[in-house]
Amino acid sequence: AANPGGPNVAESLDASTTLLPNSFSPNPAAGGYYLGPLVYLKKKYPNAVLHTGALIANYGSAETIWSGEKAAMEHSGYDVVYDPTFPTSQTDFTQNVIAMKNAGVKILFIEQMPENYAAGVVKALNQQDFHPVLVVGASTYSQALVPDSGGAAAIDGTYLEQPTALYLGEDAKTVPAVATFLRWVQKASPGFKADYYTLAGWLSTEVFVQALQAAGVHPSRGSVLQALRKITSFSAGYLIGTGNPSAKTPTNCYVMAQIENGQFQRVDDSPVNGPTHGFRCDQPYFYPPS
């Protein structure tokens, strides 16, 4: 904000940074939520969404994203009956599980927490023999989630919704950009297990490089900024649903997957060789009235 002549290319987690004229994000934070996954789950579980629960880490970005998602849920006919925040020092979720069980929760969204917290929630759910429909998201998608949760039997059936391809390797054979991403992660850090934060860095760099290439043989901050303003469609080879970094418009496209036999597998998604390149783009992005 203090240096508007310098480009900031990063996945901003708050709307105020996203809206700066020199900020460009591969996945802009727009304060709302894409409706597609919510409509999908409502069609499958019309009664369960009237008893919705969520757990949200008490740090700013998670709370901001949840605020937009909750507004989108209420717009879509969900009734959220339990949605406390929890401190990032928390490791035992037994009391939360007991409380949500008493509240009658039938579908539980734990998208706004990293994998290690989500695994703790899954363990507590199983210890209490409480099994609502479980939904995880981009920050939860991790190779460590299944083993840390207690194995396939503990978490099979869980849904994943996110605006990206299955970039941990499940889509490597059908989405060339996934294979490229994973190959370079291993070149940079052999043995490293990628996660969403890794992907966010990759996507941000790809936006920047695209602008740098367009800025000519003698690029400057000004020419890179001009080039960034011309990037009106970005998908990184369909690693992420198509959005508009210049207009700060997020994608409305998403992928649905489910954990089966301990593996993330796409469910009901469009074919990768189809017009939406494996993404479902059947609902708009919801912007809260405020």
Subject >> Residue match in region 179-196 (condition: under 17 Å from the mean Cα position of the chain (by Cα), assigned to a loop (DSSP other than H, G, I, E, B), of a type in the set (D, E, K, R) and modelled with pLDDT of 95 or more) >> reply: no
**OP:** Could you list, in sequence order, all residues of region 159-178 that are open to solvent by 30 Å² or more (accessible area, probe 1.4 Å), touching a Phe, Trp or Tyr at 6+ places or on another chain (Cβ under 8 Å) and part of a helix (DSSP H, G or I)?
**Re:** none
**OP:** Would you check if Ile155 is within 30 Å of Gln127 (Cα to Cα) and either open to solvent by 50 Å² or more (accessible area, probe 1.4 Å) or modelled with pLDDT of 95 or more (or both)?
**Re:** yes
Original post:
Identify, please: which residue in region 140-152 is in a loop (DSSP other than H, G, I, E, B) and open to solvent by less than 80 Å² (accessible area, probe 1.4 Å) and is, among those, farthest from Val267 (Cα to Cα)?
Top reply: Gly150
Subject >> helices (runs of 4 or more DSSP H) completely within region 49-127 that count 2 or more residues being among the small types (Gly, Ala, Ser) and within 26 Å of Val146 (Cβ to Cβ) >> reply: 60-75, 115-127
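Any residue at all in region 11-19 that's among the aliphatic types (A, V, I, L, M), under 22 Å from Gly201 (Cβ atoms) and in a helix (DSSP H, G or I)?
Filtering region 11-19 down to residues among the aliphatic types (A, V, I, L, M) leaves 13, 15, 19.
Next, only the ones that are under 22 Å from Gly201 (Cβ atoms) stay: 13, 15, 19.
Checking the rest, the ones that are also in a helix (DSSP H, G or I) come to 15.
Taking every residue of region 11-19 in turn, at least one turns out to be among the aliphatic types (A, V, I, L, M), under 22 Å from Gly201 (Cβ atoms) and in a helix (DSSP H, G or I).
Select from region 268-287 the residues that are surrounded by 14 or more Cβ atoms within 10 Å (Cβ to Cβ) and within 17 Å of Pro37 (Cβ to Cβ) and list them in ascending order. Steps first, please.
Going residue by residue through region 268-287, those that are surrounded by 14 or more Cβ atoms within 10 Å (Cβ to Cβ) are 269-270, 272, 276-283, 285-287.
If the condition is that a residue be surrounded by 14 or more Cβ atoms within 10 Å (Cβ to Cβ) and within 17 Å of Pro37 (Cβ to Cβ), then Asp269, Ser270, Thr276, Gly278, Phe279, Arg280, Cys281, Asp282, Gln283, Tyr285, Phe286, Tyr287 are the ones that fit.
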**OP:** Among residues belonging to region 76-88 that are under 22 Å from Ala30 (Cα atoms) and out of contact with any strand residue (DSSP E or B) (no Cβ under 6 Å at 6 or more places or on another chain), point out the one that is least open to solvent (accessible area, probe 1.4 Å).
**Re:** Ser76
**OP:** Give the residue that is surrounded by the most Cβ atoms within 10 Å (Cβ to Cβ), with candidates limited to residues of region 91-114 that are in contact (Cβ under 8 Å) with a residue 40 or more places away in the chain and farther than 25 Å from Lys44 by Cα.
**Re:** Asn96
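The values are calculated or read from the model by the stated rules, or taken from the named source; none is laboratory data. Computed from a prediction, not measured in an experiment: that's the story for all the values here. Heads up, the Cβs are rebuilt from the backbone with ideal geometry, glycines too, and the neighbour counts pull from every protein chain shown. Heads up: the accessible areas ignore ligands, DNA and RNA and are worked out on the full protein's heavy atoms, side chains in. Shrake-Rupley method; radii C 1.70, N 1.55, O 1.52, S 1.80 Å.
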